[in-house]
Amino acid sequence: MSLTSRPLHDGWSFTQVGDGPREAVKEGEWLPVQTFPTTVHVELLKTGRIPDPFIGLQEWDVQWIGEVPWAFKTTFTASQSEISTPNVDLVFDGLDTFATVTLNGHKILETDNQFVAHRVPVKQYISEGANELLITFASAFRKGREVEKAHKKYSLWNGDSSRLHVRKAQYNYGWDWGPVLMTAGPWKPIKLEAYTARISDVDIRARVAEDLSATLEVNFALSREDHSIASVSLRAADGSLVSGQNSVRIAQSGAQATFKMSAGTYELWYPVGYGKQPLYTVEITVADQHGNQLDQTAQKVAFRRARIVQDPLIDQEGRTFLFEINNIRLFSGGSNWIPADSFLTTMTRERYRAWLQLLVDGNQNMVRVWGGGIYEADDFYDICDELGILVWQDFMFGCGQYPAYDSFTKSVEIEAEQNVKRLRHHPSVVIFAGNNEDYQLAESDKLDLDYSDEKSDFRNSTFPARYIYERLLPSVVERLSDIHYHRSSPYSGFGKPTTDKNYGDLHQWNVWHGSQEPWHNWDILAGRFVSEFGMEAYPDIRTVDYWLGGNTAERYPQSKTMNNHNKADGFERRLELYLVENFKHSFEMESYVYYTQVMQAETLGSAYRLWRRNWRGKGREYTAGALVWQINDCWPVTSWAIVDYFLRPKPAYFAIKRELQPFTVGMTRKDRTTFADDLTAAFLTIETVLEIWGTNSTLQEKRAVLEVTAFDLHSDWRETTKQDVVLAPNASTELFKGLLPGQPKRTKRSEEAKTIVVSARLLDTAGAVLGRYSNWPEPFKYINFPDIKEVGLSIVVGKDGESVELSTKKPIKGLVLDVEGDAAQWSDQAIDLVPDDPQVVKAVGLNGRKIKARFLGDGTA
């Protein structure tokens, strides 16, 4: 009999167990489940039994849910043909987290790891007709504190220390951007499978050599030893047969098929922007010796050569840390990803696609799945494969000193094996990292951390989790995949601490956290690969109003509700530090939202601009990547996200989008002070030096015209120069260094510098704009902006109702557009405008509404 598999997703109900607080469910009351898979909060919200924890302070009104046990049950019918099959299994793809499962009163499973799937043989317990399946979930919070008491309390950043002992999504315990919402329930599908024999493991390795020839190795296992025969086929995206083997013999329950292809006879998979993303399908069918089909499966694969290059650099200390795909070295511009909802079962394929399409539309080519959430849903990786987004995948350890006692490491090993097996065939997945910031925490706590020690077991040290990151996980990854393993993020390697900017990857939090550097210092804060950095901003005002829930008395920046919807320690003084250092601003709500958003856009745009400059060609890849913290939110909140929970991009999203275009132009200006001699402090000359560079991410050199126009903000003076330039392929190119046009030399510190705005554009041979950037004197708070009547901003909507032409008579900084009512979808925001350089923005959903505009110096600060 061929394998049959069917979901058991109907007829479920749930209840609260025991005699804890009865705030939503009466004793003995079973409520029908409205969606499946699901978790408790989701169902209680659907039945209106609890308030929405995303609104106001209501997060704190539902804390009891995570501290009481819950049960889910269903009755399903099994047929005679199912129960008479040699094997009948219940398959649980994921139970969150401490669960006891009974079938017809027989205990069949106990779980303690949200990330682990379970297959349970149940032939002896299942009956023809009705069968009752009951799952009871203990409180993960209380259970975690029990386990912590029995072992040891370890240090951490974020959440309750008991989380370190619990293999559950760590962000459920609260983070500096997320609420405390301790979920429980059957969060992944449950299936009933009946079979004679089944394909129990599939390991497909598409290996591409340096000469771009390829070998496809297909290994698979059968659940029993017999004389079955398999057929293995490789099909192209259009379904056509590329190659096949029809008589693959299965020996000792395993089999292998190998396909060899020379360069040019198949299609390579490329990251977005470098080529196509062709996906092939491997089909495996197994039949018994009489030709009866036993099982079949299919898996999508792609051919790409992925390497992480850590080579010595020319002219600088240290080594590269860069991704090379199909022999092409990439500047990786992208984002960090946290779970996109506090309630994971509400995530749909459509929501995943909308999020990941935002990355691609924003010119990003990499996403890092952060180690405090989950190994993401299959949909997530499938869509990354389709769109050409490279995935940096952390293992699920974050910001803590994790234990390494035997029961814990055994569970972690199963978790790692299952998830490496699940993810290894995805061409998008190019790196596994052992954890998020655990070595940084060990450094700050001064734990045992001899980076030259490559031999110890570590379990008896003050940093026992080194055993997991340096022994357990790398052995699993090496044994089960061809994917590169990196011990942590950040991790330098070569015996260096995680803060070393010359090796490995770096989390650069000395803007916002740490030493709270000005964002203008990103150039000196660079690392070889900056896998985290960020700046907070309020979300769209509509998102703010959502969490206020109509409570207008709380609609001001310092209110208790606003405070609850920003989880970052010390966020008030940090936000205000960067605001007051750089802007004249007001505390009126819309204004405060605007200024934090422009600040975030300036901060993050500046980082990408300065770090792309460091991508200077082979051997000089001084910075090879920048992943902003973060693309998304798990609830409506003020955070570092560049797109809010409701998929509304903040202006920073567009600033990054501009800096990751194939061609960009960047500028810096710096004052240079020269003293008359080495004995004076009074006799000096101050000159302003302008530097200009261009970037080109394509693989061909690009001939262009660099047009530079300097404007005096307070007069009609302007000066334009043009020069032919050649942008080197896949690199940045220095284009100009000299004095700032129109800025006289100053001989006293009291002399006011002129407010000179410099616009640089890269034009192709036909005059089309390849890239543009306006450089303004900073801090912006010193600028006396011209009267709004002199500015002459013009906003004209085209006949199509969506094209919006923007022009101005005076330079404008930080233009943000909006409409009353539902948000429109804008193609650009945080725009800098200069005279005689109109820009056209698309606005989907404008529907004839009047456009509102905010910009620095618009009179509202």
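The values are calculated or read from the model by the stated rules, or taken from the named source; none is laboratory data. The structure presented is a predicted model; accordingly, all values stated were derived computationally and were not measured. Reconstructed Cβ throughout: ideal geometry from the backbone, glycine too, with neighbour counts over all protein chains shown.
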(request) Might you let me know whether the stretch 271-279 holds any residue that is among the small types (Gly, Ala, Ser) and either surrounded by 12 or more Cβ atoms within 10 Å (Cβ to Cβ) or assigned by TED's automatic domain parsing to the domain that holds residue 700 (or both)? (result) yes
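Just the residues that are among the small types (Gly, Ala, Ser) and outside any strand (DSSP E or B), please, taken from the stretch 75-101.
We begin by selecting, within the stretch 75-101, every residue among the small types (Gly, Ala, Ser); these are 78-79, 81, 84, 94, 99.
Matches in the stretch 75-101: 79, 81, 84, 94.
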(message) With in contact with a Ser or Thr (Cβ under 6 Å, 6 or more places away or on another chain), closer than 21 Å to residue 424 by Cβ and not in a loop (DSSP other than H, G, I, E, B) as the only criterion, which of 221, 230, 255 stands out?
(response) 221
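Give the stretch 500-516 a look and list any residue that's of a type in the set (S, T, N, Q), surrounded by fewer than 23 Cβ atoms within 10 Å (Cβ to Cβ) and closer than 20 Å to residue 176 by Cβ, or say none.
Within the stretch 500-516, the first condition is being of a type in the set (S, T, N, Q), and the residues that meet it are 502, 508, 510, 515-516.
If we keep only those that are surrounded by fewer than 23 Cβ atoms within 10 Å (Cβ to Cβ) as well, we get 502, 510, 515-516.
510, 515, 516, listed by residue number.
How about the stretch 258-317: which strands (runs of 3 or more DSSP E) wholly inside it have at least 2 residues that are modelled with pLDDT under 95 and either touching an Asp or Glu at 6+ places or on another chain (Cβ under 8 Å) or farther than 30 Å from residue 660 by Cα (or both)?
On the way: elements: 280-287, 293-301, 306-309.
Passing ranges, in order: 280-287, 293-301.
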(request) Spot the failing condition for residue 774; the list is (1) in contact with a helix residue (DSSP H, G or I) (Cβ under 7 Å, 6 or more places away or on another chain); (2) under 26 Å from residue 852 (Cα atoms), and only one is missed. (result) (1)
(request) Residue by residue through the stretch 286-319, note down the ones that are surrounded by fewer than 19 Cβ atoms within 10 Å (Cβ to Cβ), among the β-branched types (Val, Ile, Thr) and over 34 Å from the mean Cα position of the chain (by Cα). (result) none
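Considering only residues of the stretch 1-31 that are of a type in the set (Asp, Glu) and farther than 30 Å from residue 195 by Cα, which is modelled with the highest pLDDT? Spell out the reasoning first.
We begin by selecting, within the stretch 1-31, every residue of a type in the set (Asp, Glu); these are 10, 19, 23, 27, 29.
From the residues that got through so far, the ones that are farther than 30 Å from residue 195 by Cα too are 19, 23, 27, 29.
Values: 19: 83, 23: 87, 27: 91, 29: 94.
Checking each candidate, the answer is 29.
For residue 37, state whether it is in a loop (DSSP other than H, G, I, E, B) and surrounded by 21 or more Cβ atoms within 10 Å (Cβ to Cβ). First the steps, then the outcome.
Working: in a loop (DSSP other than H, G, I, E, B): yes; surrounded by 21 or more Cβ atoms within 10 Å (Cβ to Cβ): yes.
Considered against the rule, which asks whether it is in a loop (DSSP other than H, G, I, E, B) and surrounded by 21 or more Cβ atoms within 10 Å (Cβ to Cβ), residue 37 comes out as yes.
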(request) Assess whether residue 467 counts as being over 26 Å from residue 390 (Cα atoms), outside the structural domain of residue 216 (by TED's automatic domain parsing) and either touching a Pro at 6+ places or on another chain (Cβ under 8 Å) or surrounded by fewer than 15 Cβ atoms within 10 Å (Cβ to Cβ) (or both). (result) no
(request) Having 3 or more residues that are surrounded by fewer than 20 Cβ atoms within 10 Å (Cβ to Cβ) and touching a residue at least 24 places away in the same chain (Cβ under 8 Å) is the bar; report the strands (runs of 3 or more DSSP E) wholly within the stretch 105-214 that clear it. (result) 118-121, 129-137, 199-208
(message) If I ask for residues that are of a type in the set (Asp, Glu) and either in a strand (DSSP E or B) or touching a Lys or Arg at 6+ places or on another chain (Cβ under 6 Å) (or both), which ones from the stretch 832-861 would you list?
(response) 832
(request) Working only within the stretch 548-572, note down all residues that are surrounded by 13 or more Cβ atoms within 10 Å (Cβ to Cβ) and of a type in the set (Gly, Ala, Ser). (result) 549, 559, 568
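Given the criteria among the β-branched types (Val, Ile, Thr), in a strand (DSSP E or B) and in contact (Cβ under 8 Å) with a residue 40 or more places away in the chain, does residue 242 qualify? Outline the logic, then answer.
Working: among the β-branched types (Val, Ile, Thr): yes; in a strand (DSSP E or B): yes; in contact (Cβ under 8 Å) with a residue 40 or more places away in the chain: no.
When the stated conditions are applied, residue 242 does not pass them.
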(request) Could you tell me whether the stretch 733-748 includes any residue that is touching an Asp or Glu at 6+ places or on another chain (Cβ under 9 Å), part of a loop (DSSP other than H, G, I, E, B) and without any contact (Cβ under 8 Å) to a residue 12 or more places away in the chain? (result) yes
